[in-house]
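Everything on this sheet refers to the single structure shown next.
The values are calculated or read from the model by the stated rules, or taken from the named source; none is laboratory data. Everything numeric here is computed off the predicted structure, so don't read it as measured data. So basically every Cβ, Gly included, is an ideal-geometry build from the backbone, and we count neighbours across all protein chains shown. Accessible surface is based on the protein model in full, side chains and every heavy atom, while ligands, DNA and RNA are left aside. Shrake-Rupley method; radii C 1.70, N 1.55, O 1.52, S 1.80 Å.
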Amino acid sequence: MTVTHPETSHAPTSSPDTDAPVGLWLNGARGSVATTAITGLLALRAGMADSTGCVTDTRMLRDAPLASWTDLVVGGHDIVDTPLEKKAESLVDSGVIPAPVLAAVRGSLPEVEQNLRTGYDARTETGPLAEVVERLAGDIEEFRARHGLSRVVVINVSSTEPPADHRPEHDDLDALTRALADPDDKALPASSVVAYAAFRAGCGFVDFTPSTGARLPALEMLAQRERVPFAGSDGKTGETLLRTALAPMFTSRALHVLSWAGVNLLGGGDGATLEDPRNARSKLSSKSGVLPALLGEDVTAPLHIDNVPDLGDHKTAWDHVSFEGFLGVRMSMQLTWSGVDSTLAAPLVLDLARLTAAAHRAGHVGPIEELGFFFKDPIGTDEHALAEQAQALAAWANGLDGHGDS
Ligand SMILES: NC(=O)c1ccc[n+]([C@@H]2O[C@H](COP(=O)([O-])OP(=O)(O)OC[C@H]3O[C@@H](n4cnc5c(N)ncnc54)[C@H](O)[C@@H]3O)[C@@H](O)[C@H]2O)c1
């Protein structure tokens, strides 16, 4: 089980450059990505697994002042009450979590379970959103105080929402705050209520989903006021990861890509959520910006997502790329990606917790564009090319001030 990857450095168990411990608050804590991240973190801490898949443990980020795995404490919100243990068992059955890993960490899951609270469910919650924000922020503040945490990073890994309709209040913090006090006004989607609560609690926020989250001018104003960092959106784990690595190859070799068509088949909670065309619009929008940005607006790039329940977390993406070379000769590339979605996503969630905590500690305020490496639709930058994103990430993270402002 403890296979060492050549790029994986063995980080010290505690770094002298951090004021650990640090909290990781997962919104959607009982879902597949969250449960895989929680189980994986406990396995790392128990020495049952190495950190393959975690970018923060590679040589690329060897000088970044990061909290150690043992210094991360997990809590979170969800709107269902499925015990973590049951969810982890279902992930064993579907081949996401190896059975010996769950057997080794099962005894530690109740510790995390004690830190989980009921989230905001827009379908059932009555009363003003201002009260919801106070309740969610209060849960996070209580978690921080109870565990003596230096800071908490809130990461949204809840179900993808439909795109939010724009409202004038989204552009102005005072107007938004007034709208939240009105019991009849649902002025924000759930992901943005969570971002608001995270900022109110003085936490950094990361959106691993394509939902609206912190991407509203009013919420950026709040992040600036509270002096906290944020990042997103939509983790880049599969087809889009490949595209951002391979599209620059065509342009750097002066090959003209005519079309790049993609089909995605997946099941699990994410597949079921994306079956609703309103939710799928958010995902398609975050995925579809990449190719025009890398190849130009004239590329034809149809994209489909289908829910195939029996696939569970085992996702297949087929891409067909048609391109033109010297003298207009036509060629094509076809590729099939077979990935286990939560296996790819979970280590990145842990990476983002460490990096966002380090940014917060170093006094970074507002969008962290250097974390664009992790996202399909990076906030604060139009750079999508994976190699450039990796360079920017390394230069930034290795240069962070490990002694911080607090
Ligand atoms: N797995 C990947 O590779 C990957 C990549 C990029 C983005 N994502 C995104 O990550 C998210 C999670 O994916 P998953 O496979 O874990 O999905 P999932 O359906 O297994 O889990 C989502 C969890 O969010 C909870 N939830 C729903 N609404 C909530 C709310 N308002 N507040 C708190 N919790 C809420 C659900 O109860 C569920 O437990 C999705 O939005 C997905 O698009 C996943």
Need at least 3 residues that are assigned by TED's automatic domain parsing to the domain that holds residue 389 per element, so show me which strands (runs of 3 or more DSSP E) inside segment 202-266 make the cut, counting only ones lying wholly within it.
-> 204-207, 229-232
Determine, yes or no, whether residue 99 is touching a helix residue (DSSP H, G or I) at 6+ places or on another chain (Cβ under 9 Å), open to solvent by less than 70 Å² (accessible area, probe 1.4 Å), without any contact (Cβ under 8 Å) to a residue 24 or more places away in the chain and aliphatic (A, V, I, L, M).
-> yes
Report, by residue number, each residue of segment 234-272 that is closer than 14 Å to residue 384 by Cα, out of contact with any strand residue (DSSP E or B) (no Cβ under 9 Å at 6 or more places or on another chain) and among the small types (Gly, Ala, Ser).
-> 245
Residues located in segment 27-70, provided they are among the polar types (S, T, N, Q) and either buried (at least 23 other Cβ atoms within 10 Å of the Cβ) or touching a Leu at 6+ places or on another chain (Cβ under 8 Å) (or both) = 27, 32, 35, 36, 39, 51, 56
Restricting segment 157-171 to residues that are of a type in the set (Asp, Glu) and exposed (fewer than 15 other Cβ atoms within 10 Å of the Cβ), the residue that is nearest to the ligand (Cβ to nearest atom) = 165
Selection within segment 305-326 - of a type in the set (D, E, K, R) and open to solvent by 40 Å² or more (accessible area, probe 1.4 Å) | 306, 310, 324
From (1) open to solvent by less than 60 Å² (accessible area, probe 1.4 Å); (2) modelled with pLDDT of 95 or more, pick out the condition that doesn't hold for residue 253.
-> (1)
Scanning segment 110-135 for residues that are among the charged types (D, E, K, R) and in a helix (DSSP H, G or I), which turns out farthest from the ligand (Cβ to nearest atom)?
-> 111
Has segment 227-236 got any residue that is open to solvent by 10 Å² or more (accessible area, probe 1.4 Å) and either touching a helix residue (DSSP H, G or I) at 6+ places or on another chain (Cβ under 7 Å) or among the polar types (S, T, N, Q) (or both)?
-> no
Would you mind finding the one in 34, 64, 29 that is within 16 Å of the ligand (Cβ to nearest atom), closer than 25 Å to residue 148 by Cβ and part of a loop (DSSP other than H, G, I, E, B)?
-> 29
